[in-house]
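What follows is calculated from the coordinates using simple rules that are stated; it is not laboratory data. Because the structure is a prediction, the values reported are computed rather than measured. Using ideal geometry, Cβ is built from the backbone for each residue, glycine included, and neighbour counts are taken over all protein chains shown.
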Ligand SMILES: Nc1ncnc2c1ncn2[C@@H]1O[C@H](COP(=O)(O)OP(=O)(O)OP(=O)(O)O)[C@@H](O)[C@H]1O
Ligand SMILES: [Mg+2]
């Protein structure tokens, strides 16, 4: 497998403030690489450095084989970029926006027309070609932005929170597109803070306050950061009984989740039946349903953020 | 929705090898930006109205409505002599219809009050002993007090009053001598604008002013608009170069500027009979250089300002006002306080107006205006250089 993006010790400071600190990772060709983090974690700053928009203060990175500091122009020619804030032209029609970006990438005449049609088709907006961009709802605007980013068929595309503020149905549609371009070999670097979307990524990097605290496949991250088995219990009096549940033998953690509670325990020390029986035995508690559930990335994220200080110490050693 | 047709993994074709291919794609990028920019103008035609309507409106407004040629300039008469001779002189002065008696006063001191009340712009004083001087054949000293606040009409008034008094005293067989306050200065306009028509003088100034408004204000908004919409990020992640953005954005506004300029000249020639005594090529060259300078200045403002509000204010401050006030359009540069005279040296409208007046009214050619052209060209060059440099720096 070839590496599309190689990042080594990348950092960026704004004055005294360190927005990104000593980040290293690499992304395989055709991979969907997710970058997860809270507001201000440094996701956009990383993307802006990798896109040649912002010079790093330290470290190196190669994107599509080009050094971002030495050959930012070559990097720019090999990537598509969708910025966090919608930045196409609202007073232009869908087609005019695409034609503009085509022209910027040197397309011309019939080749340009053909590519515009192809792109319209691929983002499913052929009927909307003459619509003013201002009249599009959020989900469609994002799709158009994706189409513009992919117009020149770059081998790598950076998507900075492409689905922020978009309704769930449109988000699913959007991710279908992303999986499509990835399976055809385009490398996708995507940031998000929707945990459900992160599940679609082949690998995830977790950013906490400028530091990359964890990086792996979603399954491996869960195994590492949220070990154990999780049961979802629904019933009565469960939330009030949480402190008591946490005290049961073998229970690692217990939290309320929606209209039930999630109980995580060490399977080496106890089992499903023992847990459920112990909970039922608690006073004023009724359990109506029991279900084994997967750890979610939210849990991973919280665990990783908590462990950040500890990791920093280990990393220094 | 077909997912398969979007992606393509072939290596990007955006990196041309040869020089000529590089030049071609550079042209394409410039063209793409120019096209997008003209779409913006079409979608928001305010700019278009500004560019094409403003010249006509301003010309007519200044040409007719605010014409500095008041047919009957109001003058207060102070006849200290009060003799038949002095009355004959004043009758003769006002007989031409160019000057009108706005009132009479007993002494010149009262004139200050008159100026303060804005009843008249000038006071004509026929001093005591005037009839005796005429009888003795001595020079007659007539005093004209002009309200210096109205600098522009003051100059005209001086000219007209001077001419009227001279004609009147000649008809009375007297030798006139004028004591003026402020002292008369000989203005070139009087030489080359024998009919004293201020439109002739005004049109070149207006041409510069209009071009300054159109070019600077329109371009001042183009880049700042991209900052406001944050589309600049999207632009800068493409292989487009800053100078290509600058060029592409200027093309449509350059076209608009040329049209606005033509409107001014054609209207000037047609409606106000502004002559064309000199070389049209010199005129064209000066217009071109001035236009480029103004576009460059607008672009620089746009790049530095980063938002449309600030850009508009900056354009007004550093370009429109100086083009109107410090260029010699409204007020003669020689009459300005020294610091303003010094500043006027870096106001390109000054050189442009000088060239226009020279070429249109006096028939000047290259020999007379080369320095103006040099200054205009230098200004444009400096603006573009700084604009392109700043653009690069502002982003990172
Ligand atoms: N140009 C800048 N000057 C100063 N500080 C900056 C600049 N750009 C970003 N920062 C700071 O760096 C930090 C990281 O910003 P960044 O935009 O990378 O976060 P993010 O992870 O993308 O967050 P979000 O989810 O809000 O988009 C923030 O605290 C931000 O305020
Ligand atoms: Mg961000």
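Computed log10 I(q)/I(0) for region B:303-368 at 0.12, 0.21 Å⁻¹: -0.40, -0.86, from the Debye equation with unit scatterers placed on every C-alpha and solvent omitted.
Between residue B:107 and residue B:316, the simple label model (points 7 Å from Cα in the Cβ direction) yields a spacing of 4.6 nm.
Label sites at residue B:281 and residue B:382, each approximated as a point 7 angstrom past Cα along Cα to Cβ, lie 2.9 nm apart. Between the alpha-carbon centres of region A:232-269 and region B:202-223 there is a gap of 73 Å. Cβ crowding within 10 Å ranks A:294, B:244 as A:294, B:244, fewest other Cβ atoms first. With neighbours defined as other Cβ atoms within 10 Å of a residue's Cβ, the residues A:60, B:354 order from fewest to most as A:60, B:354. Between residue B:255 and residue B:23, the C-beta separation translates, for a Förster distance of 30 Å, into a calculated FRET efficiency of about 0.85. Considering only Cα atoms, the convex hull volume of chain A works out to 168 Å³ per residue. Hey, with R₀ at 35 Å, roughly what FRET efficiency would residue B:132 and residue B:330 work out to, going by the Cβ-Cβ distance, to 0.05? Efficiency for this residue pair is about 0.20. Counting Cβ atoms of other protein chains within 10 Å of each Cβ in A:103-113 and taking the mean gives 6. In this simple spin-label approximation, residue B:389 and residue B:340 carry label points 7 Å from Cα along the Cα→Cβ vector, and these lie 3.2 nm apart.
Taking a point 7 angstrom from the Cα of residue A:259 along the C-beta vector, which residues in region A:169-213 have backbone N less than 19 Å away? Of the residues in region A:169-213, none has backbone N under 19 Å from the label point off residue A:259. Footprinting exposure proxy ranking of A:130, B:86, fewest other C-beta atoms within 10 angstrom first, gives A:130, B:86. Residue by residue along B:235-245, Cβ atoms of other protein chains within 10 Å of the local Cβ number 5 on average.
For residue A:90 and residue A:67, a Förster radius of 45 Å and the Cβ-Cβ distance give a FRET efficiency of 0.80, rounded to the nearest 0.05. Please state the shape class of region A:110-160: rounded when a/c is under 1.5, otherwise prolate if a/b exceeds b/c and oblate if not, all from the C-alpha gyration tensor. Oblate, because a/c is 1.5 or more while a/b does not exceed b/c.
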